[in-house]
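Notes to accompany the following structure.
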Amino acid sequence: MKARVLLLAVVLIPVAVDGRADTKPLRIAYAAIAGSQAPVWMLKESGRLASRGIPVDLVYVAGARSVTAGLLSGEIQLAVLGTTAIVRAYGRGAADLVLIGGVVNNPTFSVMVHPSIGRAEDLRGKPVAITRFGGSVDFLMRWFLKRSGLEPVRDVPLVQVGDVPSTVSALEKGSAMATVIEPPGPTILRKRGFKKLVDIPDTGIQYQFLSLATTRTFAQKNEPLMKNLMAAYRESIADFKANKGKAFQVLEKYLKVNDKDALADVYETYRLNVPDKGEINLAGIRTIIAEELTPQESKGIKAEDLVDLRFAGK
């Protein structure tokens with residue numbers, strides 16, 4: 001799927017008193033072609049927003065940094081993206097950014113490696129693939145390497161490849177010996193001869209992986225719309241978990257994957273890890289603040305500062 005080219009202009013969405021958009025569609029962006037994006041895909045495909053009179057333009061924009069810039073410019077009104085990018089931007093002065101709901105509240109990733117790699121130490125001096133610097137894959141790969149006694153970059157080169165499918169290609173081509181990847185990546189890579197070194201959730205890390213984000217300015221100006229949107233979002237999560245057939249259709253459409261084992265892996269992973277009510281794991285945000293921001297950047301910042309609890313539960 002190719003990203004739609006976004007114009008560098010501010011898009012304002014007029015909202016009537018009942019919270020329905022009058023003319024321009026609500027532009028929602030997602031930052032990766034991966035199973036974790038299923039809740040926002042289901043939001044679009046379920047028709048829950050259309051039934052509320054809210055037209056939607058769903059766009060793929062590769063990379064959390066680009067999506068964050070789109071939110072701040074007003075070009076994008078809502079986005080599902082790695083929480084790490086929002087925390088980093090907030091800590092560096094982008095205080096208008098705010099999280100309004102959880103998408104995936106756990107780190108649903110595995111470290112997948114070349115068959116010759118038996119332990120983390122074997123990665124010393126060997127390149128590993130990440131999608132983009134500053135994203136969730138980058139964060140978790142660095143965290144895993146440090147936890148294993150390896151210094152990212154100095155001991156293990158990080159190769160930025162652009163997107164999730166490209167991490168699979170990097171391992172297949174031999175340009176990387178490992179990656180951190182979410183479903184369906186582990187299933188696909190196992191079938192191609194690679195092996196799993198560790199499941200990140202088994203390490204016990206608290207990590208708010210993906211969140212719904214907007215700006216405080218947009219949320220305050222369009223509170224009825226936001227409440228309608230979040231109601232539709234929660235209903236779409238219920239649709240995803242209750243209607244396996246529809247969920248598989250949506251996953252196959254957006255992932256461009258017809259491997260039934262891989263799709264089943266994706267579905268089961270996110271059936272279990274997408275929060276029922278769109279709530280946010282505040283402890284997972286605290287991990288990002290502690291690990292990602294400098295002491296100066298994090299000074300005085302609490303996880304609650306980044307979340308608008310009118311829309312997202314704890």
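The values are calculated or read from the model by the stated rules, or taken from the named source; none is laboratory data. Quick caveat, the model's predicted, so the values are computed rather than measured. Methodologically, a virtual Cβ is constructed for each residue, glycine included, from the backbone with ideal geometry; neighbour enumeration extends over all protein chains shown. Note: areas computed on protein heavy atoms with side chains; ligands, DNA, RNA excluded. Shrake-Rupley method; radii C 1.70, N 1.55, O 1.52, S 1.80 Å.
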Using each residue's phi in region 226-239, evaluate 6.51 cos²θ - 1.76 cosθ + 1.60 at θ = phi - 60° and report the 3J(HN,Hα) Karplus result to the nearest Hz, with x for Gly and Pro. 5, 5, 5, 4, 5, 5, 5, 4, 5, 5, 5, 4, 4, 4
Centroid-to-centroid separation of region 55-90 and region 247-273 [C-alpha atoms, Å]: 23
For region 111-120, what does the Karplus curve 6.51 cos²θ - 1.76 cosθ + 1.60, with θ = phi - 60°, yield as ³J(HN,Hα) per residue in whole Hz, taken in order and with x for Gly and Pro? 8, 9, 9, 4, x, 6, 8, x, 8, 4
Provide the net charge surrounding residue 82, with neighbours chosen by a C-beta distance below 12 Å and charges set as Lys +1, Arg +1, Asp -1, Glu -1. 0
Could you pull out every one of the lysines with an alpha carbon less than 19 Å from that of residue 173, ignoring same-chain neighbours closer than 8 positions? 126, 191, 195, 196
What whole-number value in Å² describes the accessible area per residue of region 39-176 for a 1.4 Å probe? 34
Can you send over the carbon and sulfur percentage of the accessible area for the chain, probe radius 1.4 Å, protein chains only? 50
Of all beta bridges DSSP finds with both residues in the chain, what is the antiparallel percent, to the nearest 5? 60
Charged-residue dipole, Cβ positions (Lys, Arg, Asp, Glu), the chain about Cα centre, Debye nearest 20: 260
Please list 3J(HN,Hα) in residue order for region 175-182, calculated via the Karplus relation 6.51 cos²θ - 1.76 cosθ + 1.60 where θ = phi - 60°; whole Hz, with x for glycine and proline. 7, 8, 9, 7, 7, 10, 9, 9
Quick one: Kirkwood hydrodynamic radius for the chain, alpha-carbon pairs, angstrom, one decimal? 19.7
Between the DSSP loop rule and a limit of at most 14 other Cβ atoms within 10 Å, which trypsin sites (Lys or Arg not before Pro) in region 115-190 are left? 119, 124, 154
Where a ≥ b ≥ c are root eigenvalues of the Cα gyration tensor, a/c under 1.5 meaning rounded, otherwise prolate if a/b exceeds b/c and oblate otherwise, region 23-115 counts as oblate
Report the FRET efficiency, 1/(1 + (r/R0)^6), for residue 294 and residue 272, where r is their Cβ-Cβ distance and R0 is 25 Å, rounded to 0.05. 0.15
Report Rg (one decimal) and Dmax (nearest whole number) for region 74-176, counting Cα atoms only, units Å. 15.5, 47
Can you give me the accessible area per residue for region 191-314, using a 1.4 Å probe, in Å²? 48
I want the local charge near residue 182. Using Cβ-Cβ distances under 12 Å, sum +1 for each Lys or Arg and -1 for each Asp or Glu among the other residues. -2
Roughly what would the spin-label model give for residue 264 and residue 154, points 7 Å off Cα along C-beta, in nm? 4.6
Which lysines have a Cα lying under 30 Å from the Cα of residue 24, excluding residues fewer than 8 positions away in the same chain? 2, 44, 221, 227, 246, 253, 256, 277
For region 92-238, take the convex hull of the Cα atoms, compute a quarter of its surface area, and give me that in nm², please. 10.4
Would you mind estimating how fast region 177-314 diffuses translationally, via Stokes-Einstein at 37 °C and 0.692 mPa s with the Kirkwood radius over Cα pairs, in µm²/s? 187
Where does the charge balance sit around residue 169 when Lys and Arg score +1, Asp and Glu -1, over other residues with C-beta under 11 Å from its C-beta? 0
Using amide H atoms built in the peptide plane, which far-off residues or other-chain residues are under 5 Å from residue 26 H to H? 56, 57
Cα centre as origin, Lys/Arg/Asp/Glu Cβ charges: region 216-280 dipole, Debye: 280
